[in-house]
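Peer 1: The structure's right below; bear with me while I get my questions together.
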Amino acid sequence: MIRIGMLTSGGDCQALNAAMRGVAKTLYNSKEDVEIYGFLDGYQGLIYGRFRLLTYDDFSGILTKGGTFLGSSRTPFKTIQEPGADGVDKVAAMKQNYYKLQLNCLVILGGNGTHKTANLLREQGLNVVTLPKTIDNDLWGTDMTFGFQSAVNVATDAIDCIHTTAASHGRVFIVEVMGHKVGWLTLNAGMAGGADIILIPEIPYDIDKVVKKIKERHDKGSRFTILAVAEGAISKEDAKLSKKEYKKKMENYKYPSVSYEIAEQIAKKSGFDVRVTVPGHTQRGGSPCPYDRVFASRLGSEAGRLILKGEYGFMVGYKNREIVKVPLEDVAGKLKMVDPDASIVKEAKMLGISFGD
C-alpha cells in the first residue's frame with residue numbers, strides 16, 4: 001500500500017488541479033494499492049489535521065478547471081517554526097499528522113515560500129516530492145513553472161484590450177502586471193502585447209527616460225503609449241535606498257501601487273493624459289491554457305513515477321525541454337530573477353522597447 005498526502009499552498013494559479021490529476025492518475029494506473037489524502041487549505045490542513053481521503057472520481061473532470069479543489073492558504077515560512085497564536089507547534093503538528101496517517105510521501109504544490117517549508121520538512125525526515133507552481137516563474141531549478149503561461153495569456157489579453165481604447169483617445173496607458181520581486185510575467189506579457197515600455201524589478205527605471213520615450217513616440221506621430229509595469233517595479237532612486245530606508249518610505253506611501261505614482265509623474269512631466277489598468281487576480285484565475293494543462297500533467301506524472309520508485313526529496317522541474325528532478329535543497333530559498341543582460345531583454349530593446357534604464 002502506498003499512502004500519500006497532497007496539498008496546495010500559497011497563491012492560487014491555473015493548472016493546480018491538472019498537476020494533482022497527473023500525480024493521481026499515474027499512481028492509480030500503477031499496479032500498486034494507493035491511498036491519497038488531500039490536506040485542505042495548504043499547510044493549515046497539514047498542521048491542524050484537516051484532510052479527506054480522495055477517490056479516483058475526485059480527479060475526474062478537473063483537467064480544465066482553474067483554482068485548486070483542495071483549497072490553498074499562505075503560511076509564511078518566516079514564522080513556520082514559531083508557535084501560532086493558539087500555541088500550536090506547527091512543524092511538530094505537521095510531522096505528527098504525517099506519521100498518524102502512515103504516509104509514504106507528501107506531494108506539495110507551491111512556489112518559493114512553499115518550497116522552503118517543504119525543504120524544512122525534508123530536513124525533519126519526511127519524504128517529500130514537490131511541483132513548481134507560480135505565475136511568477138521565479139522558482140530556481142526549473143525553466144518553467146505551471147500557471148505562468150496561463151497568466152501571461154491573461155495579462156497579454158489585458159494589454160491587447162487597452163490598445164484599442166488607448167489609440168482611440170490618444171492616451172498613455174499603464175497596465176500593472178503581477179510580480180513583486182521578479183519580472184518574468186511582465187516581460188513576457190509586455191512583449192506579447194506590444195508594450196512600448198516595460199518596467200520590471202530587476203531593472204530600476206529612470207522616470208525621465210520613461211517620459212523621453214513617450215515624447216519620442218508622440219513626436220513621431222504615435223497617438224498612444226502602452227507601459228507594462230510590474231507591481232514591484234522600482235525607480236533608480238529607491239533602488240539605492242537601504243531596506244530600512246525603503247521600508248520607512250513605504251510606510252507613508254500615498255499611492256495604491258507604483259503604477260499610480262508613475263502615472264502621476266508622467267502626467268506632470270509630459271502633460272499627457274495617463275490611465276492605469278490593474279488586471280489583478282484575474283491573472284491567477286480562469287481555466288489553464290492548453291500549454292499549462294499538458295505541462296502540469298507531465299510534471300504530475302513524473303512526480304508519481306518518483307513516488308513509485310521511492311525517490312524523495314526532489315522538486316520535479318523542467319530544464320532544456322526535459323522534465324527533470326531537482327534536489328529540494330538546491331531550490332529552497334532561491335529566486336530565479338530576470339538577468340538585465342539576458343538575451344530576451346537585449347532582443348526586446350532591439351525591438352525598440354524601453355526599460356527606463
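The values are calculated or read from the model by the stated rules, or taken from the named source; none is laboratory data. Owing to the predicted nature of the structure, the values given are computational and were not obtained by experimental measurement. Reconstructed Cβ throughout: ideal geometry from the backbone, glycine too, with neighbour counts over all protein chains shown. Surface accessibility is based on the protein's heavy atoms, side chains included, excluding ligands, DNA and RNA. Shrake-Rupley method; radii C 1.70, N 1.55, O 1.52, S 1.80 Å.
Peer 1: Any residue in region 337-357 that is more than 14 Å from Leu199 (Cα to Cα) and small (Gly, Ala, Ser) sitting within a Cβ distance under 6 Å of a residue that is modelled with pLDDT under 95 and surrounded by fewer than 11 Cβ atoms within 10 Å (Cβ to Cβ)? List the pairs, counting only those 6 or more apart or interchain.
Peer 2: Close Cβ pairs satisfying both conditions: none exist.
Peer 1: Within region 202-218, which residues are open to solvent by 20 Å² or more (accessible area, probe 1.4 Å) and touching a Lys or Arg at 6+ places or on another chain (Cβ under 6 Å)?
Peer 2: Result: Pro204, Asp206.
Peer 1: Then there is this: Of the residues that sit in region 125-140 and are open to solvent by less than 30 Å² (accessible area, probe 1.4 Å) and of a type in the set (S, T, N, Q), which one is farthest from Cys13 (Cα to Cα)?
Peer 2: Taking region 125-140 as the starting set, the residues that turn out to be open to solvent by less than 30 Å² (accessible area, probe 1.4 Å) are 126, 128-135, 137-139.
Applying the additional criterion that residues be of a type in the set (S, T, N, Q) yields 130, 134, 137.
Values: Thr130: 16, Thr134: 7, Asn137: 11 Å.
Per the stated criteria, the residue is Thr130.
Peer 1: Which of (1) open to solvent by 10 Å² or more (accessible area, probe 1.4 Å); (2) among the small types (Gly, Ala, Ser); (3) more than 30 Å from Asn112 (Cα to Cα) is the odd one out, the single condition Ala192 does not satisfy?
Peer 2: (3)
Peer 1: Only one of these conditions is not met by Gly221: (1) surrounded by fewer than 24 Cβ atoms within 10 Å (Cβ to Cβ); (2) part of a loop (DSSP other than H, G, I, E, B); (3) within 30 Å of the chain's Cα centre (by Cα). Which number is it?
Peer 2: So the condition that Gly221 fails would be (3).
Peer 1: Kindly provide the set of residues from region 74-84 that are more than 17 Å from Thr134 (Cβ to Cβ), without any contact (Cβ under 8 Å) to a residue 40 or more places away in the chain and surrounded by 11 or more Cβ atoms within 10 Å (Cβ to Cβ), ordered by number. Outline the logic, then answer.
Peer 2: We begin by selecting, within region 74-84, every residue more than 17 Å from Thr134 (Cβ to Cβ); these are 78-84.
Next cut, without any contact (Cβ under 8 Å) to a residue 40 or more places away in the chain only: 78-79, 81-84.
Correct list: Gln81, Pro83, Gly84.
Peer 1: For residues that are small (Gly, Ala, Ser) and not in a loop (DSSP other than H, G, I, E, B), scanning just region 224-241, find the one that is nearest to the chain's Cα centre (by Cα). Lay out the reasoning, then the answer.
Peer 2: The initial filter retains those residues of region 224-241 that are small (Gly, Ala, Ser), namely 228, 230, 232-233, 235, 239.
Cutting the leftovers down to not in a loop (DSSP other than H, G, I, E, B) gives us 228, 230, 235, 239.
Values: Ala228: 17, Ala230: 13, Ser235: 23, Ala239: 23 Å.
Per the stated criteria, the residue is Ala230.
Peer 1: Out of (1) within 11 Å of Val175 (Cα to Cα); (2) modelled with pLDDT under 95, the odd one out for Ala230 is which?
Peer 2: Among (1) within 11 Å of Val175 (Cα to Cα); (2) modelled with pLDDT under 95, Ala230 violates only (2).
Peer 1: Is region 101-119 home to any residue that is assigned to a helix (DSSP H, G or I), open to solvent by 10 Å² or more (accessible area, probe 1.4 Å), farther than 27 Å from Lys334 by Cβ and not aromatic (Phe, Trp, Tyr)?
Peer 2: Within region 101-119, not a single residue is assigned to a helix (DSSP H, G or I), open to solvent by 10 Å² or more (accessible area, probe 1.4 Å), farther than 27 Å from Lys334 by Cβ and not aromatic (Phe, Trp, Tyr).
Peer 1: From the list Asp143, Asp160, pick out the single residue that is assigned to a loop (DSSP other than H, G, I, E, B) and surrounded by fewer than 24 Cβ atoms within 10 Å (Cβ to Cβ). Don't jump to the end; show me each part of the working.
Peer 2: On the way: Asp160 fails: assigned to a loop (DSSP other than H, G, I, E, B).
Checking each option against the conditions leaves just Asp143.
Peer 1: Tell me, which strands (runs of 3 or more DSSP E) lie completely within region 1-84 with 2 or more residues that are closer than 25 Å to Ala332 by Cβ? Even if it seems obvious, please write down each step before you answer.
Peer 2: Working: elements: 2-8, 34-39, 51-54.
Counting at least 2 such residues, we get 2-8, 34-39.
Peer 1: So which helices (runs of 4 or more DSSP H) stay within region 246-357 end to end and still have 3 or more residues that are more than 22 Å from Leu16 (Cβ to Cβ) and open to solvent by less than 80 Å² (accessible area, probe 1.4 Å)? Explain how you work it out, then say what you get.
Peer 2: Numbers: elements: 258-270, 290-309, 328-331, 343-350.
Fully inside region 246-357 and qualifying: 258-270, 343-350.
Peer 1: Could you list, ordered by first residue, the pairs with Cβ atoms under 7 Å in which the first is in region 145-169 and more than 30 Å from Arg321 (Cα to Cα) and the second is hydrophobic (A, V, I, L, M, F, W, C), at least 6 apart or interchain?
Peer 2: Final answer for the pair search is Ile162/Phe173; Ile162/Val175; Ile162/Ile226; His163/Ile226; Ala166/Phe173; Ala166/Phe224; Ala166/Ile226; Ala167/Phe224.
Peer 1: Here is a follow-up. Taking the options Gly67, Gly71, Gly49, Gly87, name whichever one is open to solvent by less than 80 Å² (accessible area, probe 1.4 Å) and without any contact (Cβ under 8 Å) to a residue 40 or more places away in the chain.
Peer 2: Values: Gly67 fails: without any contact (Cβ under 8 Å) to a residue 40 or more places away in the chain; Gly71 fails: without any contact (Cβ under 8 Å) to a residue 40 or more places away in the chain; Gly49 fails: without any contact (Cβ under 8 Å) to a residue 40 or more places away in the chain.
Result of the check over Gly67, Gly71, Gly49, Gly87: Gly87.
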